[in-house]
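A.B. asks: My structure is below; once you've seen it, I'll send some questions.
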Ligand code: PLP
């Protein structure tokens with residue numbers, strides 16, 4: 001298949017799939033999701049993403065309609081149906097179906113999966129960032145489908161010709177970006193926001209920390225500010241599809257780009273791990 005859609009057991013070409021209007025996602029965006037890459041038909045970091053899906057679901061009192069092992073088996077089976085093994089794997093669990101009513105419906109949650117061709121972005125070309133105040137809610141640790149502030153912020157970045165929008169909370173503390181985590185290197189140490197309720201604990205973030213530890217780069221999981229971002233030696237964003245991206249501008253001003261040695265070493269480590277774990 002070229003682009004696969006799966007909904008509660010029904011499989012088809014994505015463009016032909018029909019979803020019931022009464023799925024709670026239509027009323028409330030009531031669900032949780034994961035997005036990750038697959039190469040050579042191997043799903044990278046599957047356990048970590050499935051664990052996070054279950055954690056997100058539990059925090060919203062959504063019962064995933066199968067066990068972790070069943071879900072992993074299903075995802076691996078769906079990947080095998082594809083014409084290419086280089087894919088974006090997206091899945092979400094929504095809180096069942098019913099009439100529009102805030103109270104939870106009775107009955108099982110719905111499972112959606114999509115598979116579309118995609119390759120890893122392993123570019124070392126620096127990107128530009130904008131910043132904007134983080135007006136999202138206080139549950140950013142949950143990977144929910146309620147993404148309107150992130151959508152608005154990302155569009156602002158796109159319209160400014162930039163790669164990402166970095167969020168800061170009132171007072172200046174940097175949290176994360178619209179669809180990635182952000183980190184800085186200063187005086188040889190990597191600073192990354194702690195995994196509290198203000199950020200999503202990114203899987204790529206965890207792998208960046210692992211790479212730092214392997215390379216002997218100290219890591220400080222402490223909050224940093226807008227001022228720190230603007231004066232950083234390096235600025236790095238991470239996400240599962242764009243695992244190690246370097247920034248050269250923040251809000252139109254030159255920034256980062258002072259520790260190419262550290263950036264390149266981290267980039268090599270992170271991309272190398274992806275390539276070796278998904279080798280044929
Ligand atoms: N933060 C936000 C808000 C995101 O949407 C994402 C990815 O979608 C990330 C961080 C990065 O998470 P991961 O590294 O698990 O892809």
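The values are calculated or read from the model by the stated rules, or taken from the named source; none is laboratory data. The structure displayed is predicted, hence computed values, not measured ones. We place every Cβ from the backbone using ideal geometry, glycine too, and count neighbours over all the protein chains shown.
A.B. asks: Consider residue 58 carefully, then state whether it is modelled with pLDDT of 95 or more, away from the ligand (no atom under 11 Å from the Cβ), under 12 Å from residue 93 (Cα atoms) and surrounded by fewer than 17 Cβ atoms within 10 Å (Cβ to Cβ).
C.D. replies: Working: modelled with pLDDT of 95 or more: yes; away from the ligand (no atom under 11 Å from the Cβ): yes; under 12 Å from residue 93 (Cα atoms): yes; surrounded by fewer than 17 Cβ atoms within 10 Å (Cβ to Cβ): yes.
It is true that residue 58 is modelled with pLDDT of 95 or more, away from the ligand (no atom under 11 Å from the Cβ), under 12 Å from residue 93 (Cα atoms) and surrounded by fewer than 17 Cβ atoms within 10 Å (Cβ to Cβ).
A.B. asks: For the structure I just gave you, tell me whether residue 238 is away from the ligand (no atom under 16 Å from the Cβ) and under 27 Å from residue 48 (Cα atoms). If you could, list the steps in order and put the result at the bottom.
C.D. replies: Details: away from the ligand (no atom under 16 Å from the Cβ): no; under 27 Å from residue 48 (Cα atoms): yes.
So residue 238 does not fit the description; no.
A.B. asks: Here are some conditions: (1) part of a strand (DSSP E or B); (2) in contact with a helix residue (DSSP H, G or I) (Cβ under 8 Å, 6 or more places away or on another chain); (3) more than 23 Å from residue 18 (Cβ to Cβ). Residue 128 meets all but one. Which one does it not meet?
C.D. replies: For residue 128, the exception is condition (2).
A.B. asks: Pick from region 89-110 the residues that are assigned to a strand (DSSP E or B) and more than 19 Å from the chain's Cα centre (by Cα): which of them is nearest to residue 164 (Cα to Cα)? Give the derivation first.
C.D. replies: We begin by selecting, within region 89-110, every residue assigned to a strand (DSSP E or B); these are 89-94, 97, 110.
The next check asks that each one be more than 19 Å from the chain's Cα centre (by Cα); those that pass are 97, 110.
Numbers: 97: 34, 110: 31 Å.
Here the answer is 110.
A.B. asks: Output the residues belonging to region 178-189 that are within 16 Å of the ligand (Cβ to nearest atom) and under 14 Å from residue 228 (Cβ atoms). Break it down into steps so the answer makes sense when it comes.
C.D. replies: Of the residues in region 178-189, the ones within 16 Å of the ligand (Cβ to nearest atom) are 178-184.
Once the filter is applied, which keeps residues that are within 16 Å of the ligand (Cβ to nearest atom) and under 14 Å from residue 228 (Cβ atoms), region 178-189 yields 182, 183, 184.
A.B. asks: Could you tell me how many of the residues in region 35-55 are within 13 Å of the ligand (Cβ to nearest atom) and either in a loop (DSSP other than H, G, I, E, B) or closer than 20 Å to residue 97 by Cβ (or both)?
C.D. replies: 3
A.B. asks: If only one of 32, 64 is crowded, with 17+ Cβ neighbours inside 10 Å, in a loop (DSSP other than H, G, I, E, B) and either without any contact (Cβ under 8 Å) to a residue 12 or more places away in the chain or under 20 Å from the mean Cα position of the chain (by Cα) (or both), which one is it? Working first, answer last.
C.D. replies: Details: 32 fails: in a loop (DSSP other than H, G, I, E, B).
Only one candidate passes the filter, namely 64.
A.B. asks: Going by what's in this entry, would residue 5 be described as assigned to a strand (DSSP E or B) and buried (at least 21 other Cβ atoms within 10 Å of the Cβ)?
C.D. replies: Numbers: assigned to a strand (DSSP E or B): yes; buried (at least 21 other Cβ atoms within 10 Å of the Cβ): yes.
Yes: the conditions hold for residue 5.
A.B. asks: Okay, moving on. Of all the residues that make up region 202-224, how many are free of Cβ contacts under 8 Å to residues at least 40 places away in the same chain and more than 20 Å from the chain's Cα centre (by Cα)?
C.D. replies: Residues meeting the conditions: 6.
A.B. asks: Which one of these is under 17 Å from residue 250 (Cβ atoms), out of contact with any helix residue (DSSP H, G or I) (no Cβ under 9 Å at 6 or more places or on another chain) and within 15 Å of the ligand (Cβ to nearest atom): 175, 192, 225? Walk me through how you get there before you give the answer.
C.D. replies: On the way: 192 fails: out of contact with any helix residue (DSSP H, G or I) (no Cβ under 9 Å at 6 or more places or on another chain); 225 fails: within 15 Å of the ligand (Cβ to nearest atom).
Answer to the selection: 175.
A.B. asks: Residue by residue through region 200-218, note down the ones that are in contact with a helix residue (DSSP H, G or I) (Cβ under 8 Å, 6 or more places away or on another chain) and more than 16 Å from the ligand (Cβ to nearest atom).
C.D. replies: The answer is 214, 215, 217, 218.
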